[in-house]
Amino acid sequence: MMRAVWLMLLAPLAANAQLALFSVNGTTEAPVGATYQSPTVAAGDSEDIRLRARNQGTASVTVSKLAVAGIGFTIVQTPSIPFVIAPGNFQDVYVHFAGASPASYSANFQINGISVILVATVVNAAILSVQSPCVGPDPVTSAIDFGRIQSGQTVACIFTLQNKGAQSLTVSTISLAGQGFQFSQIVHAPVLLPPGGSFPFTVDFVAPPPMVYSGSLTVDAHTYLLSGTAFVPTLPTPVIEFDAPAPASGQQRTVSMSLPAPAPVSAEGDLLLSFQSGLNSVTDDPAIKFLANGTRHMHFTINAGETQFLLENHPAIFQTGSTWGTISFSISYINVPVTGVASASMAIPAAPIVVNDPLPSIATSRAGDLDVQVWGYDNTYSTGQMSFTFYDLNGNAIQPGAIQADFTPQFHSFFTSSQAGSAFQMRVSFPVQGDSSQILAVDVQLTNSAGSTTLQHLNFKCAGGTCPVSAQ
């Protein structure tokens, strides 16, 4: 009877003898003795210890006891007991350790009849610092700000992990997440930091399209919030200026563009010219345009750091045409945003008729006729009322004095059909009874809605030569 009891007691001992405990690191197993030292952990971080119970016998082993007792140690990811390990098989057991403050920690781990003392050391965590232009980490939120940078550019910030403790520590994980944030070089972890040691690495913020971006940097159990803003640079409002003379029709003027402060970025665009007529009956004047290219737009460029725009043709000369109204300039296209609205206007006033442009006015004497020819323009389009006063060879006015004429219908018809603004060529013929060679000169007065213009003493020239001149 005593022999049977002895054999029954030997049975569980044999089962325990065929169960062995190992530590596992990747694919490598190492036998566990009476004490197991886990890797050093930084304060606030955690470590998972992977233990493997292997059945080295020929019979199944039932695990009926599995426990760990010690501050900071817990068993995770294990089947509920009891469970069976078949011959040649194994069961992994994960023990999670988390230490809140630097100290040495221990726990008693048991699986069936195997007992092991687990030892863990918690040291001060690695301290993260960051160099300019980044700001942080914030002591409360752990936020790190990469600042504002131009879209398409990159800002690089150097981070440093420091071990200010008296014991070595291992940083197991260094990882990044979030659009726009990336390591400038691959960071290989784990990183061993000896006492007083440091480990630098660089994080780039590559600014994609403009908006606010966020990400995270994880160092073991500590997560730092990253932020950065990408923006499209804005030009200050361009200044559009003209050369000095008072505005008038029939001019060639110069326009220029500049910035009140250096351009933060290179830019290009188009300067647009437009015209608003002062007349209800005339909507446009095709002669108002840039002289160099014959259009109403001109390309411009400016380099970063400069204040003066380079226009396609410099200087940029435009014609003021022959119609009163307002000539305006604006930016019709530019590849970067502009603060405010860039514009400038030149008011062309209504004016009396301008003559001798481009040819001098002339008076011609033919057999039986006197011709008066005038070249000019009327920016009010209201020409019509005229007067003519003729003088004899002695300089006396010939009766009946000023001869009034109204050519308003003819000019209205001409201006309506003309595509050249208000420029005109006029010839008025007067039939003469008697000797036309006795008429020396003529005064011509042309009147429009803005006033009168007088051409004094246009001397008549004979059709084949010079007519007689005044007697002395």
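Just so it is clear, none of the values below were taken in a lab; they were calculated from the coordinates. From a predicted model like this one, the values you see are computed outputs, not experimental measurements. Because the Cβ atoms are built from the backbone with ideal geometry, glycine has one as well, and the counts that use them run over all protein chains shown.
In table form, for the structure just shown:
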item	result
Rounded if a/c under 1.5, otherwise prolate or oblate - the range 202-349, Cα gyration tensor axes	prolate
Whole-Hz ³J(HN,Hα) from phi, Karplus 6.51 cos²θ - 1.76 cosθ + 1.60, for the range 87-93, glycine and proline x	x, x, 9, 8, 9, 7, 10
Sequence ranges 109-115, 173-179, 76-82, ranked by mean other-Cβ count within 10 angstrom, highest first	109-115, 173-179, 76-82
Using alpha-carbon coordinates, inclination of helix 2-17 to the longest axis of the chain, degrees	20 degrees
Relative contact order for the chain, counting Cα pairs under 8 Å that sit 6 or more residues apart, in percent	9 percent
Fraction of antiparallel bridges per DSSP, the chain only, in percent to nearest 5	90 percent
Percentage relative contact order, the range 345-398, counting C-alpha pairs under 8 Å, at least six apart	31 percent
Projected label distance in nm at Gln167 and Ser345, using a 7 Å step from Cα toward the beta-carbon	8.0 nm
Inter-part distance where the range 52-71 and the range 151-229 are each reduced to a Cα centre, Å	41 Å
Semi-axis lengths (Å, descending) of the ellipsoid that matches the C-alpha gyration tensor of the range 24-112	26, 14, 11
